[in-house]
Each structure stands twice: as structure tokens, then as C-alpha cells.
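Below is one structure; the comments refer to it alone.
The values are calculated or read from the model by the stated rules, or taken from the named source; none is laboratory data. This is a predicted model, so every value here is computed, not measured. FYI the Cβ positions are ideal-geometry reconstructions off the backbone, even for glycines, and counts take in every protein chain you see. With ligands, DNA and RNA removed, areas are computed over all heavy atoms of the protein, side chains included. Shrake-Rupley method; radii C 1.70, N 1.55, O 1.52, S 1.80 Å.
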Amino acid sequence: MRVQFVLQEIWIGLRRNLTMSISLVITVAIAMALFGTGLLINKQVSNSTNYWYDKIEVSIFMCTKTSSNTSCNKADATQEQKNTIKSDLEKLPQVSAVEYESKDAAFARFKDQFSSTPGMVQSTKAGDIPDSFRVRLKNPEEYKSVSSAMLGRPGVDQVVNEQEILKKFFRILNGLQWAALLIAGIQVIAAVLIVGNTIRLSAFNRRRETGIMRLVGSSNMYIQLPFILEGAIAGLVGGILAAFLLVLSKIFLIDRLQGSLQFASQLSWSSVVGIIIFSVCVGVLLCALASFLTLRRYLKI
Amino acid sequence: MIHFDNVTKVYPSQNRPALQHVNVAVEKGEFVFLVGPSGSGKSTFLRLVLKEERPSQGHVHVAGKDLSRLNNWKVPHLRRRIGCVFQDFRLLPNKNVFENVAFALEVIGKPRRFIGKVVPEVIDLVGLEGKAHRMPDELSGGEQQRVAIARAFVNRPMILLADEPTGNIDPATSIGIMKVLDRINRTGTTVVMATHDAAIVDAFRKRVVELEDGRVVRDQSRGVYGQAY
């Protein structure tokens, strides 16, 4: 009896202000999807950061005829210079491994990386891509001492620390994440206000019923529960829509970013599901709480 | 059953008190007419009994309980023991007679079987046999008020409060309504009826409490509406 009565009241409430319920569901869906996307990016960034910190390398590019560095004198680095650099690198205590990448190998890798833009590959000749030493450090934080030891030595064009490149990249991702969370925050505020309005309308529409319920001694819970559940159900439907949007953003945003930016680690579906469950719960609780607070103002007991 | 102990009620937006130093005792099983012009404090009296308002001074006791000491969460239980009838009936237009009466039991969580047994009895008691499936707009004013009385009485309250129940009804039909209230009173239910229907008060010869400007100016058993009439 009780359950059936409450369900019936919820259905009446949702149906009576259908347009308001729909706008509520959409707002909640967008807010929760953005919130979840923010969390997804956050997760991806922290996964990738850990991964990259393990593999961080310092690249020491050798002089070529085309390099603009004046100390190269428009000439390729000699084999003698390369040997000196290699042996000196191996002697440095911060270095754990040194690997030489020849011009041919570098060109092959370049062709592979930019295979999607054939124009760029065609305008580049073998030999344009400099050969380099790839140095793995024991502690990625110590790259400065290595770069200062190598810069300006004969045959060395430039020293590039990949950490710096990654930092720029992570900064962009962080920006994306904060943008998503900021928009989500604004949407959440909108959602809370719309929940409040919907429930207020609903309470106004049913003021006859609630007035009689009050008079015949219905308990507060009995009077308020249909309204609170009405908000919670709208939150749940919005949350389920948000789950679809999140799956889409995982496939079309995160995985695509991964393809084009060569994210090292894939974001697993299990963490996506975890984030979806979390955002749906947040949505439902938020709507129920907003309904409850609205009722305290508009439904005198 | 209802004891007003030196009760004064001042509404925040008004200087003049709605009730002033009211002392009234209504015993179990009594039938009391509360009379007086509009604005004399009759409705305030009824609202205080329901704890819809709190007295500014003094104490209201209902069924032996001091309402000022009653927790807010216990107020619904107080109201389950008090039935209410109003001038404007307050029926739900989208529910039929049976559903309107049953609503009062549904919302306090009574089981379906109990509702199925009790509601037809009360519909018969108020004289609406065979009209259980009519909608409110298919009924006359008098019949609608009978539905409202059935709803107020279906949970067998100790007290029935009626705020001008015959206010919207023609005199001939009012007599029928009064007979229903009298029948309910005879089951042992205390009835307090606010009214300014002089003919009814004079015809029934019950206890009369007269209010004027928030004061009790007359409390008379077997009284009439006003001596001047």
C-alpha cells in the first residue's frame, strides 16, 4: 500500500510538469557528463604522468649540415666527436643507459610517426633528421646536470629534455580538466536551481493533496518522500544519460587523444565504470538534497 | 477533551489580538457551537486545537496533552485523532467519493483491506449509499460536504472540528448536514462547530460559546445564536 501510493504520487508529479522534468534531466545529464569527463581526464593525466616519469629520456642531438647552431659550422659531427660524447655520457654517474640513434633510424622513425601527413615526409630527406644519443637517467629530476655537461661540446647541436615537452602537454590536459570541471560546476548550480524550481512547482500543483495529508495527520516523511524521490528519479535518469555521454567521451575524446598524442597508458574500462557510478550517485544525491531543501521552504508541515 | 487555559493569540502582522485570555473547556462527547462575527477568532480557535498555530500566551490542552510540550514530529499523530471539515469541502476533484475518503487512510499508511472495509461503512453513515463512484463535480454541495465529513470521520477521531460547514449550503440541505454531525456526536465524538448560521444554532439547542473581538462573551449550555435575535 505504502509503496504503491508513493510511486503513484511520484508518477503524477513527474507527469504534471513534464517539460520541467525533461529540462531537469537534460541539465543533470550534461552536468554529470562534464563532471565525469573532468574526472576521466584527471585519471588519464595521473596515469600518464607516472608512466612517462619511468621512461623519461634526454636526447642529445648531434650537428648536421642543416642545423642552425653556429657552433656546428654547417658540418656533420665527426665520428670521433660522437665517440667522445658517448664515452663521456657513460661515465656520468646520473646516467643509467645510453643509446645511439643513427640518421637512418631517426628518419625511419620520423616517416613512421608522420605517415598520416605524407607531404611532410616527402619534403624531408634522409639526413635532415639528426642522429642523437638517447640517455636514460637514474633520476629524471637530474637532467639539468647532464644537459649542462653536454651543451656546447664540439659536435653537439642541442640537448632536449622530454620532461619539458611532457610538462607542456600535461599543462594542456590540466587546463582541459579544469575547464570541464568548471563548466560542470556551473551546470551543477543550474541543476540544483532547476531541481528546486521543479519541486516547488510540483508542491504547488499538489497543494490540495498535501494540505489534506497534513490535516489528516500524514507524517512529514510520507508527505515529502514522493517529492524527494521525484527529484532523485530525475537525477537518476539524468545520471544514466550522463553515463552514455561518458562512454562516448571515453571513445571519442580520451581514446582519440591517446591515438594522436601517443598516450602511453590506456585508461581502463573499469576505471571509466567507477567514474560513471560515482557521477550517477553524485547526481542522485544532489537532486534529492536539493528537493529536500526546497521542501523545507515551500511545504509547511 | 479541549482545554484553553488563558489563551491569547497575536498574529505577527496585526496589533489586535485574534484571541484574548480565552478560557474554555470542552468535555468528551460534547457538541459545541462556536459563534460570533467574522474576525472574532473562531478559526484561530480551531487552528490552535490542530496546532497549526501556537498561542502567544497560555496553554492549549487536547486529550490531556499540553500542545506547547508536544514535539513537532508528534503533531501528525495528534491530527489523526482530530477530524476537520471546512466551508469549501476541500475534496480532490480527480478522485471519486470512495477514493477521496480512502485518501485520508492511505496517507497515514493504513492497509488496503482495512480501507476496503471501513470506507463503505462511513459512506453509508453520512448518507451517500450508492454514490461511492461519483466524482465530486457530479454531486450537490450538500453531498460534497457529506463526503468531506466522511473523510474527516473515517479514522474515528475523538474530536471533529467543523469550520462553517453549512456556509456554502442552502438552509434545507444544512439540516441534513447537521443531522450527520449529530449522528457522529452520538457515537461519542466531541464536535466543535464554528458557524454564524443562527437558524441552525437556534434549532439544535446545544452549548454555545460566543466570541467577540477575540474574547469569550457568552458560554451557555442549550443556547441560541444571540439574545438580540
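Structure notes:
- Residue list for region B:61-77, restricted to those being assigned to a helix (DSSP H, G or I) and either within 14 Å of chain A (Cβ to nearest Cβ) or open to solvent by less than 80 Å² (accessible area, probe 1.4 Å) (or both): B:Leu67, B:Ser68, B:Asn72, B:Trp73, B:Lys74, B:Val75, B:Pro76, B:His77
- With respect to the conditions (1) surrounded by fewer than 17 Cβ atoms within 10 Å (Cβ to Cβ); (2) on the phi < 0 side of the Ramachandran plot; (3) facing another protein chain (nearest Cβ under 10 Å), B:His133 falls short on a single one, namely (3).
One line per residue, one yes/no per condition, for (1) open to solvent by less than 40 Å² (accessible area, probe 1.4 Å); (2) part of a helix (DSSP H, G or I); (3) aliphatic (A, V, I, L, M):
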position	(1), (2), (3)
B:Met193	yes, no, yes
B:Ile200	yes, yes, yes
B:Glu210	yes, no, no
B:Val217	no, no, yes
B:Val224	yes, no, yes
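- Scanning region B:143-187 for residues that are touching a Phe, Trp or Tyr at 6+ places or on another chain (Cβ under 8 Å), among the hydrophobic types (A, V, I, L, M, F, W, C) and either over 17 Å from B:Leu46 (Cβ atoms) or open to solvent by 40 Å² or more (accessible area, probe 1.4 Å) (or both) yields a total of 2.
- Only one entry of B:Phe103, B:Phe89, B:Phe45, B:Phe98 meets the criterion of being part of a helix (DSSP H, G or I), within 14 Å of chain A (Cβ to nearest Cβ) and among the hydrophobic types (A, V, I, L, M, F, W, C), and that entry is B:Phe103.
- Candidate set from region A:20-48 (those that are open to solvent by 40 Å² or more (accessible area, probe 1.4 Å) and at pLDDT below 80); member that is nearest to A:Ile183 (Cα to Cα): A:Asn42
- Checking each residue in region B:139-155 for being within 12 Å of chain A (Cβ to nearest Cβ) and among the charged types (D, E, K, R) picks out only B:Arg151.
- Pairs meeting the criteria (first residue in region A:150-172 and in contact (Cβ under 8 Å) with a residue 40 or more places away in the chain and small (Gly, Ala, Ser), second residue buried (at least 17 other Cβ atoms within 10 Å of the Cβ) and outside any strand (DSSP E or B), beta carbons under 9 Å, at least 6 apart or on different chains) are A:Gly155/A:Cys63; A:Gly155/A:Cys72; A:Gly155/A:Asp76; A:Gly155/A:Ala77; A:Gly155/A:Lys82; A:Gly155/A:Ile85.
- Exactly one residue among A:Val159, A:Val146, A:Val216, A:Val195 is away from chain B (no Cβ under 14 Å), in contact with a strand residue (DSSP E or B) (Cβ under 9 Å, 6 or more places away or on another chain) and crowded, with 20+ Cβ neighbours inside 10 Å, and that residue is A:Val159.
- Criterion (modelled with pLDDT under 85, part of a helix (DSSP H, G or I) and either open to solvent by 20 Å² or more (accessible area, probe 1.4 Å) or not assigned by TED's automatic domain parsing to the domain that holds A:Tyr100 (or both)) met by exactly one of A:Leu166, A:Leu182: A:Leu166
- Breaking point among (1) within 20 Å of B:His77 (Cβ to Cβ); (2) touching an Asp or Glu at 6+ places or on another chain (Cβ under 6 Å), for A:Arg214: (2)
- Filter result for B:Gly58 (small (Gly, Ala, Ser), away from chain A (no Cβ under 11 Å), under 21 Å from B:Val22 (Cβ atoms) and touching a Phe, Trp or Tyr at 6+ places or on another chain (Cβ under 9 Å)): yes
- Whichever residue in region A:223-240 is within 14 Å of chain B (Cβ to nearest Cβ) and open to solvent by 10 Å² or more (accessible area, probe 1.4 Å) and, among such residues, is farthest from A:Leu7 (Cα to Cα): A:Gln224
- Within region A:23-41, not a single residue is in contact (Cβ under 8 Å) with a residue 40 or more places away in the chain, more than 14 Å from chain B (Cβ to nearest Cβ) and in a loop (DSSP other than H, G, I, E, B).
- Residues that are more than 30 Å from B:Glu99 (Cα to Cα) number at least 3 in the following helices (runs of 4 or more DSSP H) confined to region A:185-262: A:220-249, A:255-261.
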